[in-house]
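The values are calculated or read from the model by the stated rules, or taken from the named source; none is laboratory data. Bear in mind the structure is a predicted one, so any value in this text is a computation, not a measurement. Cβ sites come from the backbone with ideal geometry, for glycine too, and all protein chains shown count toward neighbours.
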Amino acid sequence: MSQPDIKWDGRTYPYIPSKTLKIDPKLKLHTRAAEKIDPVTYEVVRHAMWNINVEHGNTIMRISGSPSCAYGHDFNPSLHDENGDFVFFGPFLQYLSSATGSAIKWTMENRSDNPGIADGDIFLTDDPWIGATHQSDVALVAPVFWEGELFCWVGNTLHQWDMSGTAPGGFNPMAADVFWESGCIPPIKIVEGGKLRTKLRKARLRKSAKQARRKVDTANARRIAEGLLLTDGVFACSKCGSEICATTENYKRHCAMTERPITDANPYLLNPKVYIDDKIVFRSYACPSCGLLIQTELVRPTDPPLWDIQLA
């Protein structure tokens with residue numbers, strides 16, 4: 001029985017790049033390299049690339065409103081050569097970089113002609129058939145040019161907390177197939193020549209439930225806890241004013257939750273087993289719209305979120 005002709009193009013089957021990438025001739029690659037390098041220069045360049053990834057990640061954490069990023073460090077930057085092959089991983093959640101090279105190679109083979117790859121461009125994708133671990137992990141890859149030639153790529157993959165789908169956050173453990181979760185986006189040019197393509201950005205945000213959250217009148221709201229407002233029968237964030245849920249519900253179930261070891265709550269705790277028989281974890285709850293930390297708790301991993309404010 002003959003084997004079916006499988007096309008590894010990133011649609012029906014996962015993308016597998018060609019040994020020699022098929023790219024448009026107008027995209028010139030920088031291939032010149034020194035065959036020998038002295039040990040001192042090698043270490044200087046190696047540590048410089050390491051620091052580029054560290055600063056890339058630290059910048060993202062400082063400016064991001066996502067608890068997944070700021071608290072969970074659920075992202076990782078990486079550096080790649082002109083062909084998309086890995087050069088250096090960042091020190092964060094490293095497996096997220098595993099598919100970035102594949103996304104770059106697919107982009108070179110399928111986007112170098114139309115719309116083209118040029119200095120100042122950035123491509124976005126969350127397609128697991130091409131270059132993502134799942135749809136919630138969104139990759140951004142940017143070409144870097146030197147003297148008109150493609151010299152290298154800078155990439156970053158970060159877990160987004162809401163990419164649409166049939167479950168909050170877009171991650172559905174009961175999904176029957178991929179279409180139960182957020183739609184797959186093959187690499188698209190989200191930034192062109194250094195300018196954000198706002199129509200594509202708005203189209204992407206329109207699919208997010210987070211963007212649809214109603215804002216409340218914070219001037220007439222009552223603060224009932226640090227970071228939490230009460231108004232018109234709903235809980236809202238005291239920073240951005242976004243509605244979280246009705247007061248008849250446990251607001252924590254609608255927050256972005258991260259769970260970490262108990263030692264993260266107090267680094268001087270040393271060995272928790274000296275004081276506690278059960279395993280205890282440290283949970284933090286943040287506003288699902290702006291990332292403001294609202295509440296923390298120490299619980300067993302099997303415990304549901306503690307319902308600390310019950311008004312009905």
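Taking into account only those residues within segment 202-260 that are assigned to a loop (DSSP other than H, G, I, E, B) and among the basic types (Lys, Arg), which is nearest to SER284 (Cα to Cα)?
Step by step, filter segment 202-260, then rank; the result is LYS239.
Taking only pairs six or more apart or across chains, which ones have beta-carbon atoms under 8 Å, a first residue in segment 213-225 that is free of Cβ contacts under 8 Å to residues at least 12 places away in the same chain, and a second residue that is not in a strand (DSSP E or B)?
Here the result reads none, with nothing in segment 213-225 linked to a residue that is not in a strand (DSSP E or B).
Which ones in segment 1-31 are modelled with pLDDT of 90 or more, touching an Asp or Glu at 6+ places or on another chain (Cβ under 9 Å) and of a type outside the set (Phe, Trp, Tyr)?
The answer is ILE16, PRO17, LEU21, LYS22, ILE23, ASP24, LYS26, LEU27, LYS28, LEU29, HIS30, THR31.
Restricting the first residue to segment 243-265 and requiring it to be closer than 19 Å to TRP161 by Cβ and at pLDDT 85 or above, which pairs with a second residue that is surrounded by 17 or more Cβ atoms within 10 Å (Cβ to Cβ) and hydroxyl-bearing (Ser, Thr, Tyr) meet a Cβ separation below 6 Å and a spacing of at least six or different chains?
ILE244/TYR251; CYS245/TYR251; LYS252/TYR285; CYS255/TYR285; MET257/TYR285; THR258/TYR71; THR258/SER284
Against the definition (crowded, with 18+ Cβ neighbours inside 10 Å, under 25 Å from PRO288 (Cβ atoms) and either touching a residue at least 24 places away in the same chain (Cβ under 8 Å) or out of contact with any Leu (no Cβ under 8 Å at 6 or more places or on another chain) (or both)), how does MET174 come out, yes or no?
So MET174 fails the test.
For VAL40, all conditions in the list (1) more than 26 Å from HIS134 (Cα to Cα); (2) modelled with pLDDT under 95; (3) not polar (S, T, N, Q) hold save one; what is the number of the exception?
(2)
Identify, from the list GLY183, GLY84, GLY120, the residue that is crowded, with 22+ Cβ neighbours inside 10 Å and not β-branched (Val, Ile, Thr).
That would be GLY84, the only listed residue that is crowded, with 22+ Cβ neighbours inside 10 Å and not β-branched (Val, Ile, Thr).
So in segment 149-197, with the set limited to residues that are part of a strand (DSSP E or B) and aliphatic (A, V, I, L, M), which one is modelled with the lowest pLDDT?
This residue is LEU196.
Answer with yes or no whether GLY101 is surrounded by 12 or more Cβ atoms within 10 Å (Cβ to Cβ), assigned to a loop (DSSP other than H, G, I, E, B) and among the small types (Gly, Ala, Ser).
Here the answer is no, as GLY101 does not meet what is asked.
May I ask you to list the residues in segment 130-148 that are in a loop (DSSP other than H, G, I, E, B) and either among the β-branched types (Val, Ile, Thr) or within 11 Å of HIS80 (Cβ to Cβ) (or both)?
Residues satisfying the conditions are ILE130, THR133.
Go through segment 58-86 and give me each residue that's free of Cβ contacts under 8 Å to residues at least 40 places away in the same chain and in contact with a strand residue (DSSP E or B) (Cβ under 8 Å, 6 or more places away or on another chain).
Selection gives PHE86 alone.
Quick check on this structure: which one of ASP126, ASP119 is assigned by TED's automatic domain parsing to the domain that holds ASN58, of a type in the set (D, E, K, R) and under 13 Å from the mean Cα position of the chain (by Cα)?
Sole residue among the options that is assigned by TED's automatic domain parsing to the domain that holds ASN58, of a type in the set (D, E, K, R) and under 13 Å from the mean Cα position of the chain (by Cα): ASP126.
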